Amino acid sequence: MINKHQLDLSNIPEELQLIIELLKHEHLDRHLKDLEAFTDINWDAFIDLAIHHRIYPILYPKLKKMGEGIIPSLVLERFSYLYRRNTMKMLFLSSEMQQVSKLFLDNHIYLLFLKGPVLAQALYGDISLRTSRDLDVLIPIEKLDDAEQLLLAQGYEKEYEINKELNEWKWRHRHVNYYHPQKKITIEIHWRLNTGPAKEPNFNELWERRTQSTVPGHEVYMLNGEDLFLYLNIHGAQHGWSRLRWLFDIHQLMDKDLNWNRIYKRLKRFGYLQVGGQGLVLVSELFNRELSSEMKQYLVNNRSEKLAAKSIFYLESMINIYTLPVPENVMKYHKKYLTDLMSVEQRILFTLSLLYPYPDDVKILPLPKTLHFLYFPLRPFLWAWRKRRKHALS
């Protein structure tokens, strides 16, 4: 196991440290003395952090058992409301998930649900114990148009269009969103687990290894345990592990019967060994989770420990990379962090991908489709011109 206190948690808010302490222990009545050190808690900040980290469904049963003698009644009431609201939403999402699954399968579109109720059921055994904002579905890229027509016919509306002029959208993007204004549900249709040009398993591989969800109702399929470990680590790492829920998902997944040799081979094949190790180091340190000899042997190394230390930055304040505006210092840090996450091969592929034209190049210099090949040699000049123009405007 890594050396204790290797990660510097001194700048994490005390309220978040309390949340982490609560998450560590399944039976809090045996560890109440560990909580006595937290004497100056701002309970409003505690609630805000629990909401930000999407961890309140797990915390509420724990807080309820502790009682009003330790937790203020207003805090318990707030958590009770959040818990009940989330339960209703997850039941609603579960119903929609099964309808979409049936709709797609009946129309010969294979689909895998990446998160949502299937993940809550698989990891926590209860859909009410995890939050979900929308439904994330992975399908073969050649079925995108068919899936869109089915969703539009059901009342969903496409939230945005992807520019497809140069055909690079297939790897520079990974999903498109559809929103139902009456049901107020968003469905993200994915054709990749992560944005390119990084390598990843193709859909057929994932489908062959699929597992059926135990959520009652119509058959619903999801990633198997080893593929889920790959996906959850990629997703969490890309966001800097800025929400504890993503790390607690890994914590819960580690309790499942996983083949760590397969996980090692899969992560190595696609260049994510350092990312898988990062997740394990963070779970081990934050939640006092003992790592098995297999986990340490295959995944934990010096680089994964350094990446884990860099992600503590995202826990020191309530950071959301994809909610604008992002503070300049956070954006600068995140850009460097994403580069550090990459394997050598991924960095080479990413650098080469910058030479591939962008849709913005078409806006700057419109050319007929027959001359689109010219965007490749012109790419450096168009990039420089756009940068100079942006600088002049600013």
For a quick check of your reading of the model, give me the residue pairs whose first member lies in the range 345-373 and is outside the structural domain of ILE162 (by TED's automatic domain parsing) and under 26 Å from PHE270 (Cβ atoms), whose second is among the small types (Gly, Ala, Ser) and surrounded by 15 or more Cβ atoms within 10 Å (Cβ to Cβ), with beta-carbon atoms closer than 7 Å and at least 6 apart or on different chains. GLU345/GLY271; GLN346/ALA198; GLN346/GLY271; LEU349/ALA198
In the range 39-70, which residues are surrounded by 21 or more Cβ atoms within 10 Å (Cβ to Cβ) and either in contact with a His (Cβ under 6 Å, 6 or more places away or on another chain) or among the aromatic types (Phe, Trp, Tyr) (or both)? PHE46, TYR56, TYR60
Please give the number of the condition GLY217 fails out of (1) outside the structural domain of TYR124 (by TED's automatic domain parsing); (2) touching a residue at least 60 places away in the same chain (Cβ under 8 Å); (3) among the small types (Gly, Ala, Ser). (1)
Going by what's in this entry, would TYR156 be described as outside the structural domain of LEU352 (by TED's automatic domain parsing), over 21 Å from the mean Cα position of the chain (by Cα), more than 29 Å from VAL275 (Cβ to Cβ) and of a type in the set (Phe, Trp, Tyr)? yes
Residues being outside any helix (DSSP H, G or I), hydroxyl-bearing (Ser, Thr, Tyr) and over 21 Å from the mean Cα position of the chain (by Cα): count how many of those fall in the range 333-356. 1
Residue pairs qualifying under the 9 Å Cβ cut-off, at least six apart or on distinct chains, with the first in the range 240-253 being closer than 18 Å to VAL118 by Cβ and the second being outside any helix (DSSP H, G or I) and of a type in the set (Ser, Thr, Tyr), are ARG245/THR131
In the range 285-308, how many residues are over 19 Å from the mean Cα position of the chain (by Cα) and part of a helix (DSSP H, G or I)? 11
Condition test on SER101, is it modelled with pLDDT of 95 or more, surrounded by fewer than 18 Cβ atoms within 10 Å (Cβ to Cβ) and of a type in the set (S, T, N, Q)? no
Being out of contact with any helix residue (DSSP H, G or I) (no Cβ under 7 Å at 6 or more places or on another chain), within 18 Å of LEU247 (Cα to Cα) and not hydrophobic (A, V, I, L, M, F, W, C) is the filter here, so list the residues in the range 286-310 that pass it. GLU290, SER292, LYS296, LYS306
Being under 18 Å from the mean Cα position of the chain (by Cα), assigned to a loop (DSSP other than H, G, I, E, B) and buried (at least 22 other Cβ atoms within 10 Å of the Cβ) narrows GLY279, GLY240 down to just GLY240
Being touching a residue at least 24 places away in the same chain (Cβ under 8 Å) and not assigned by TED's automatic domain parsing to the domain that holds GLY236 is the requirement here; does GLN149 meet it? no
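Conditions tested, residue by residue: (1) outside any helix (DSSP H, G or I); (2) buried (at least 17 other Cβ atoms within 10 Å of the Cβ).
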site	(1), (2)
GLY236	no, yes
TYR314	no, yes
LEU324	yes, no
MET331	no, no
Residues satisfying the stated conditions in the range 212-232, i.e. part of a loop (DSSP other than H, G, I, E, B) and touching a Phe, Trp or Tyr at 6+ places or on another chain (Cβ under 8 Å): SER213, VAL220, LEU223
Could you say whether any residue in the range 210-219 is touching a Lys or Arg at 6+ places or on another chain (Cβ under 6 Å) and at pLDDT below 95? yes
Is it true that TRP191 is within 27 Å of PHE92 (Cβ to Cβ), touching a helix residue (DSSP H, G or I) at 6+ places or on another chain (Cβ under 8 Å) and without any contact (Cβ under 8 Å) to a residue 24 or more places away in the chain? no
Flagged in the range 258-276 as under 15 Å from LEU223 (Cβ atoms) and surrounded by fewer than 19 Cβ atoms within 10 Å (Cβ to Cβ), in numbering order, are LEU258, ASN259, ARG262
For the range 48-87, enumerate the residues that are hydrophobic (A, V, I, L, M, F, W, C) and either within 19 Å of LEU247 (Cβ to Cβ) or out of contact with any helix residue (DSSP H, G or I) (no Cβ under 9 Å at 6 or more places or on another chain) (or both). LEU49, ALA50, ILE51, ILE55, ILE58, LEU59
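The values are calculated or read from the model by the stated rules, or taken from the named source; none is laboratory data. Bear in mind that the values here come from a model prediction, so they are computed numbers and not experimental data. Positions of Cβ are generated from backbone atoms using ideal geometry, with glycine treated the same way; all protein chains shown enter the neighbour counts.
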